[in-house]
1. Have a look at 654, 676 and point out the one that is in contact with a strand residue (DSSP E or B) (Cβ under 9 Å, 6 or more places away or on another chain) and either in a helix (DSSP H, G or I) or not assigned by TED's automatic domain parsing to the domain that holds residue 709 (or both).
2. Given the conditions (1) part of a loop (DSSP other than H, G, I, E, B); (2) in contact with an Asp or Glu (Cβ under 9 Å, 6 or more places away or on another chain); (3) among the β-branched types (Val, Ile, Thr), and given that residue 505 satisfies all but one, which numbered condition is not satisfied?
3. Determine the pairs where a residue that is on the phi > 0 side of the Ramachandran plot, located within region 88-101, has a partner that is modelled with pLDDT under 95 with Cβ atoms under 9 Å apart, the partner being 6 or more residues away or on another chain.
4. Restricting the first residue to region 154-181 and requiring it to be farther than 20 Å from residue 83 by Cα, which pairs with a second residue that is acidic (Asp, Glu) and more than 9 Å from the ligand (Cβ to nearest atom) meet a Cβ separation below 6 Å and a spacing of at least six or different chains?
5. Can you tell me which residue is surrounded by the most Cβ atoms within 10 Å (Cβ to Cβ) among those in region 542-570 that are within 25 Å of residue 772 (Cα to Cα) and within 28 Å of the chain's Cα centre (by Cα)?
6. Within region 743-753, is there a residue that is over 26 Å from the mean Cα position of the chain (by Cα), of a type in the set (Phe, Trp, Tyr), surrounded by 21 or more Cβ atoms within 10 Å (Cβ to Cβ) and over 30 Å from residue 199 (Cα atoms)?
7. Tally up the residues in region 35-85 that are away from the ligand (no atom under 16 Å from the Cβ) and assigned to a helix (DSSP H, G or I), please.
8. I'd like the residue in region 685-713 that is part of a loop (DSSP other than H, G, I, E, B) and among the hydrophobic types (A, V, I, L, M, F, W, C) and, out of all such residues, is surrounded by the fewest Cβ atoms within 10 Å (Cβ to Cβ).
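The values are calculated or read from the model by the stated rules, or taken from the named source; none is laboratory data. Because the structure is predicted, anything quoted here is derived from the model rather than measured. We place every Cβ from the backbone using ideal geometry, glycine too, and count neighbours over all the protein chains shown.
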Amino acid sequence: STRAYSNSTGPLLPPTYERLYNKYAEVRRVLGTQRLTLAEKILYSHLDNVEESLLSNTNNGRDIRGNANLKLRPDRVNMQDASAQMALLQFMSCNLPKTAIPASIHCDHLIVGERGADDDLAAGVKTNQEVFDFLESAAKKYGIDFWPPGAGIIHQTVLENYALPGLMMLGTDSHSPNAGGLSTITIGVGGADAVEALVGAPWELKAPKILGVKLTGRLNDWVSPKDLILHLAGLLTVRGGTGYIVEYFGPGVDTLSLTGMATACNMGAEIGATTSIFPYTEASSRYLKATRREQASRDAEVFQNFPGAGATEDAFFRFRADEGAQYDQLIEIDLSKLEPHINGPFTPDLATPLSQFKKTVQEERWPEKLSAGLIGSCTNSSYEDMTRVESLVREAEKAGLKPKADFYITPGSEQIRATLERDGTLETFTKAGGVLLSNACGPCIGQWKRHDGVEKGTRNAILTSYNRNFRGRNDGNPETMNFLASPEIVTAMAYAGSTTFNPMTDTLTTPSGAEFRFPPPRGLEGPRTPFEQGKQAFAVASQPPDPTVRVAISPSSERLALLEPFDPFPQSDLAGLRVLVKVAGKCTTDTISAAGPWLKYKGHLPNISANTLNTAVNAETGEVNVAYDYLASPSSPEKVTIPELARRWKERGQPWLVVAEHNYGEGSAREHAALQPRYLGARLIVCKSFARIHETNLKKQGVVPLTFADPADYERIAAGDEVATLGLYEMLQRGGEGDVRLEVTKRATGEVFEVPVKHTVSQDQAKFILAGSALNLLSRGG
Ligand code: F3S
């Protein structure tokens, strides 16, 4: 239907844009003619109280970034099935009849990739029926959109259905920034943050700095937007984006497809960025139309030109940065000079240009045989990605070639799957021997049952077009070397079955003995006719809240358990804590709360806690998942697993802390990585630095994150040492003001010394740490 943009009283906007417009007018009133980036415009126009947020803690609104505490009112919340369980359990304990803002649930994480789409989906539904029933009943009760298993992966579905330029969304998944490709601000959060927004409380964020990425030029044949972000990850490392929003601009932006921009935003999570965003371009408008949102593209046009002729430039909210906007850091990338990249293994920032990869594989003695190539997922399953791959597969097929490595395809949504089926692309893949997996996360999140004889512990190499490649991420095998690349590179290398093959320069020998070189990939940005909607069984269920629905949880369930509130903070400093374990090296949220088989316990805190830190490296012994029970027997401590020791100490009422190195909690918004230690008795995490989302998640659950003022102090503390806090209680009472120190008593020698530590606790966070958790405070109406 078309919408009227004016009536007799003057011009009109659709309600979302009307709200945005009015808030933006307030922002302009407070900030005057200050030049703003796109991210700032959207973010500040979602403030609960514009004036208070922009003027307090800042120099009269002049240095907002890095200083102001923004209290935001997001437009909606999107949740995936693994994290939605805990978010909904937390929401339920607030006893509200419906969510305060629109929300959706996407059943994508629990389906295992094994034999192919149909079998896997049926098996996944069967094994997870209890969880899907719980999610569906909660969706019905509270009026949340429910996307059943098979409907697609959250980020793809959100991009296709909910993302609109200018919106602000929260997603309970770290790759939620995918929607930044369509000029939204979308931030990955834990369930506790999502619950704040769902109950209608403002959501707090320290105003991020802005990292500008200026794009010029145009990508060459073999290069894709994936290579842009793989290259950027190499430049910035996994910590380089921390505290920043990555905002792309410059003439190169106009050469990219919308889905390509989404891929780059998706993987901004790999550099630790708060989120990423692109301006609204012609490609954005084409994508809205292709996804049957003609009206939305018209609304965006009208909004950008509102209030019409005669108004001053500052009155217009354009979906791009103001001319002359400043960036806290600026990187320039000439797209024409970019080459394909392959990142990994085990970390997304180890970037190697394709031309150097063979040499690196040989020098590093990485496996030369490629065991599998996996394409698609939430990161790279667009029409453009898949048709570019299709062009390669067709050429190889003509030459009589088949992929030498196993080849898997994961469509990001039913819509994209059905469209690729209609247009013959899927048939091309399956004819070539590719295995089509269901529209779900599968191998991207460790849900992959391999039947190719690669046993756990066997060293092997795989290439994926996914976004993340921590050790064990895909198949639970720590010896699987997982490399990230564009779908085109993954596919061409799968044909070679080799990690040393360079499709741009090397040839393959066909069955007839001829030399075959892949021509550069060619694809279509989007389908010639709009996307198919796909099978009705996978359609979204949207409904108003129904208070008569009973949320399905069996009291004997092993997978779902109602939550017990955590204890409040004691009315004094903490004393008598013990160091459970001192962790060496990377400690990601996967390390703290592993995924894969453990995903099935996401809704059952006691059961999932048995995986806590089970891949952490003990700094004192180098062993993985080993801790020593110094309390039970100080002279000959028993060697146990880390979660086992935590469980024992919980039973004994012994509170504890973890000591760790840099970027603790890197990787994802997984709030279980905060909930589980809290449930088992952790009160502090002390490390050299934190990943942003995880640090916030810890505070929400009442665990205090502290960093060493002098990182060298890490060396002075050991497992079993006794720790007390000095000044922590006072700091919390004073709303985050004041210094904190630790008093450490060495287990081995009885020596006592003090360690100065730093914190980032805000006034509101201090309140919920004192209450025991954010939820304790919310459910008390605090
Ligand atoms: Fe995440 Fe991969 Fe699914 S990045 S949303 S697990 S496809």
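1. None of the others qualify; the one that does is 676.
2. The one condition residue 505 does not meet is (2).
3. Matching pairs, first to second residue: 95/779.
4. Matching pairs, first to second residue: 167/75.
5. Of all residues in region 542-570, those within 25 Å of residue 772 (Cα to Cα) come to 559-570.
Restricting the remaining residues to those that are within 28 Å of the chain's Cα centre (by Cα) gives 559-566.
Numbers: 559: 19, 560: 24, 561: 17, 562: 14, 563: 16, 564: 10, 565: 14, 566: 17.
Residue satisfying both the conditions and the ranking: 560.
6. Within region 743-753 (the criterion being over 26 Å from the mean Cα position of the chain (by Cα), of a type in the set (Phe, Trp, Tyr), surrounded by 21 or more Cβ atoms within 10 Å (Cβ to Cβ) and over 30 Å from residue 199 (Cα atoms)), the answer is no, since none of the residues qualifies.
7. 13
8. The selected residue is 709.
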